[in-house]
Amino acid sequence: MPSALVLLADGTEEMEFTITYDTLVRAGITTQSVYVLTPSFGSTNISPPVAKGSRGINIMPDSYLDATACGPGNHDLLVIPGGATGAATIATNATVQQLVRSYLKNGKYVGMICAGSLAAHTSKLPFQPLTSHPSVKAELEPNFDYSEDSVVVSGNLVTSRGPGTAFPFALTLVELLCGKEKREEVRAPMVFPSGTPW
């Protein structure tokens with residue numbers, strides 16, 4: 001069964017984190033949350049502290065960011081959610097940048113949603129199609145083929161726009177890892193309103 005990591009920091013957008021994490025688990029994908037410390041936090045030997053999301057919801061991560069344990073040899077998907085403060089912490093982290101490049105180089109998937117797409121820029125990914133939250137469009141547009149589609153798949157890089165696109169983003173990741181049949185199996189019991197496009 002595929003394995004996924006969903007990164008998390010103080011200021012992460014709760015819906016983007018939770019909807020993605022939950023949807024992956026529903027598909028049977030082994031999923032872990034990984035806490036990315038702010039530079040001022042330093043190092044610690046205690047269990048990961050609670051991450052305080054962008055709306056003040058506390059989330060207990062499964063582990064800390066570790067380059068070896070989080071590498072593409074151990075997992076099939078790396079997800080970077082948004083939330084302005086959380087995305088800034090994650091996107092500027094040198095270990096995250098190295099992991100993004102390593103996952104893609106090794107044919108694994110990287111998902112970025114909302115301001116999390118800034119990690120494509122900080123990781124120095126080549127010019128390619130992507131999308132993001134409108135608030136960071138200006139930072140990405142000069143270096144990428146910017147799209148306003150809800151979900152953009154460019155090889156193994158999957159990007160999306162914000163909390164309102166979290167479900168199609170997560171379901172796209174499920175399809176890429178597990179196939180169309182599994183996507184529909186997960187989608188159906190969620191009971192989206194009739195006519196929902198995803």
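The values are calculated or read from the model by the stated rules, or taken from the named source; none is laboratory data. Not measured: the values here are computed from a predicted model. All Cβ positions, glycine included, derive from the backbone under ideal geometry; neighbour counts span all protein chains shown.
Of the listed requirements (1) assigned to a helix (DSSP H, G or I); (2) over 21 Å from residue 94 (Cβ atoms); (3) under 11 Å from the mean Cα position of the chain (by Cα), residue 158 misses just one: (1).
Annotation: of all residues in the stretch 118-147 being in contact with a helix residue (DSSP H, G or I) (Cβ under 6 Å, 6 or more places away or on another chain) and among the small types (Gly, Ala, Ser), the one that is nearest to residue 160 (Cα to Cα) is 132. Within the stretch 98-114, does at least one residue satisfy the condition of being in contact with a His (Cβ under 6 Å, 6 or more places away or on another chain) and touching a residue at least 60 places away in the same chain (Cβ under 8 Å)? Yes, the stretch 98-114 contains a residue that is in contact with a His (Cβ under 6 Å, 6 or more places away or on another chain) and touching a residue at least 60 places away in the same chain (Cβ under 8 Å). Can you find a residue in the stretch 74-90 that is surrounded by fewer than 22 Cβ atoms within 10 Å (Cβ to Cβ), touching a residue at least 24 places away in the same chain (Cβ under 8 Å), assigned to a loop (DSSP other than H, G, I, E, B) and among the aliphatic types (A, V, I, L, M)? No: zero hits. For the stretch 11-48, residues that are at pLDDT 95 or above, among the polar types (S, T, N, Q) and over 17 Å from residue 60 (Cβ atoms) total 2.
Just a yes or no: is a residue in the stretch 136-153 among the β-branched types (Val, Ile, Thr), over 12 Å from the mean Cα position of the chain (by Cα), surrounded by fewer than 24 Cβ atoms within 10 Å (Cβ to Cβ) and closer than 25 Å to residue 35 by Cβ? Yes; the residues of the stretch 136-153 include at least one that is among the β-branched types (Val, Ile, Thr), over 12 Å from the mean Cα position of the chain (by Cα), surrounded by fewer than 24 Cβ atoms within 10 Å (Cβ to Cβ) and closer than 25 Å to residue 35 by Cβ.
Yes or no, residue by residue, for (1) of a type in the set (S, T, N, Q); (2) at pLDDT below 95; (3) under 20 Å from residue 135 (Cβ atoms); (4) out of contact with any Leu (no Cβ under 9 Å at 6 or more places or on another chain):
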{"residue": "53", "(1), (2), (3), (4)": "no, yes, yes, no"}
{"residue": "72", "(1), (2), (3), (4)": "no, no, no, no"}
{"residue": "78", "(1), (2), (3), (4)": "no, no, no, no"}
{"residue": "88", "(1), (2), (3), (4)": "no, no, yes, no"}
{"residue": "94", "(1), (2), (3), (4)": "no, no, no, yes"}
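Of the residues screened, residue 187 is not one that is under 16 Å from the mean Cα position of the chain (by Cα), assigned to a helix (DSSP H, G or I) and among the basic types (Lys, Arg).
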